[in-house]
Amino acid sequence: MALTGPITSVYPSINCELINDCHMSQNTVDTANDATSPVPLVDSKPEDAPAEFADEVTEDAGLEAPVDGDTVCEPAKELPDSAAALAEAITLAAELTGEVESLKDEALRARAEVDNIRKRSQAEVASIRRYAVEGFARELLGVRDSLDLARGVDLSTADGDVAEKVVEGLDITLKQLDSLMEKFSIQAVEPEVGEKLDPELHQAVSTVESDELEPNCIHQCIQKGYRLHDRLLRPAMVIVAKPPTAA
């Protein structure tokens, strides 16, 4: 309540010193109130601050500080359903097991096929080796039959005509044999007299002095040689000439 007029006039009994004390107390209270009153905030952003710093200050001001005692945590990640993951793993394992069994079966089949091919090849090679001369033997039977017929002729009681027929039969048999050998690429090695000795085809069994032939030339062929294609079956047996010794 505001006091108007001289207080002493209203309350003559109050001492002036008491009034003065009251005024001093009032001034002290006002000063204290001024000290405890909130201080107006000063704008922390200078007027000449860059725009980027102003944006940072604005963003920082918009963040709310965590309350004391609270813990800031990241949002929890959703964990996959354990039952669904287990079922998926079981399914995948079953598929892989099936693929492994299929590959194993294919490997066993391939191995069995390789074994069968190997066995068939070995049997075919053995058969070829065993019956390689089958064709030659079949052709040789005719020559054998001709020789048997010639051998069956009794020359002791036969006249001259029978002997001539035997010789004619032998000539026919030799022609059959030559034709057979030519069919199977069997060629005779029969060097001529005076031919140079070839160690690849000829084998010298003896030497003879000769004035008519040069040294190491064939003087006589004792036995024919034969070769199959380019392979020598048997060399020709020959006698080779040599220079005569000085008297």
Integer Hz, Karplus 6.51/-1.76/1.60 couplings in order for the range 173-178, x for Gly and Pro
5, 5, 5, 4, 5, 5
Taking the Cβ of each residue in Lys104, Lys242 as the centre, tally the other Cβ atoms inside 10 Å and list the residues starting with the fewest.
Lys104, Lys242
Ranked by Cβ crowding within 10 angstrom, fewest neighbours first, how are Ile117, Ile218 ordered?
Ile117, Ile218
Under the rule rounded for a/c under 1.5, else prolate if a/b exceeds b/c, else oblate, using alpha carbon gyration tensor axes a ≥ b ≥ c, the range 81-192 is classed as prolate
Pop out the ³J(HN,Hα) list for the range 208-219 in order, Karplus 6.51 cos²θ - 1.76 cosθ + 1.60 with θ = phi - 60°, rounded to Hz; leave Gly and Pro as x.
9, 6, 8, 8, 7, 10, 6, x, 6, 9, 6, 8
Where in the range 130-152 does the label zone of Leu174 land, with the point 7 angstrom along Cα→C-beta and an amide N cut-off under 18 Å?
143-151
Report, by chain and number, residues whose modeled amide H sits under 5 Å from the one on Gln223, excluding near sequence neighbours (fewer than 5 apart, same chain).
Met237
Let a ≥ b ≥ c be the square roots of the eigenvalues of the Cα gyration tensor of the range 163-247; is it rounded (a/c under 1.5), or, if not, prolate (a/b larger than b/c) or oblate?
oblate
Compute the Cα gyration tensor for the range 85-132, then decide on rounded, prolate or oblate, letting a ≥ b ≥ c be the square roots of its eigenvalues: rounded whenever a/c is under 1.5, prolate when a/b is larger than b/c in the other cases, and oblate in all that remain.
prolate
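None of the figures in this text is laboratory data; all of them are computed from the coordinates on show. Just so you know, these numbers come straight off a predicted model, no measurement behind them. Cβ coordinates were reconstructed from backbone atoms using ideal geometry, including for glycine residues, and neighbour counts include every protein chain displayed.
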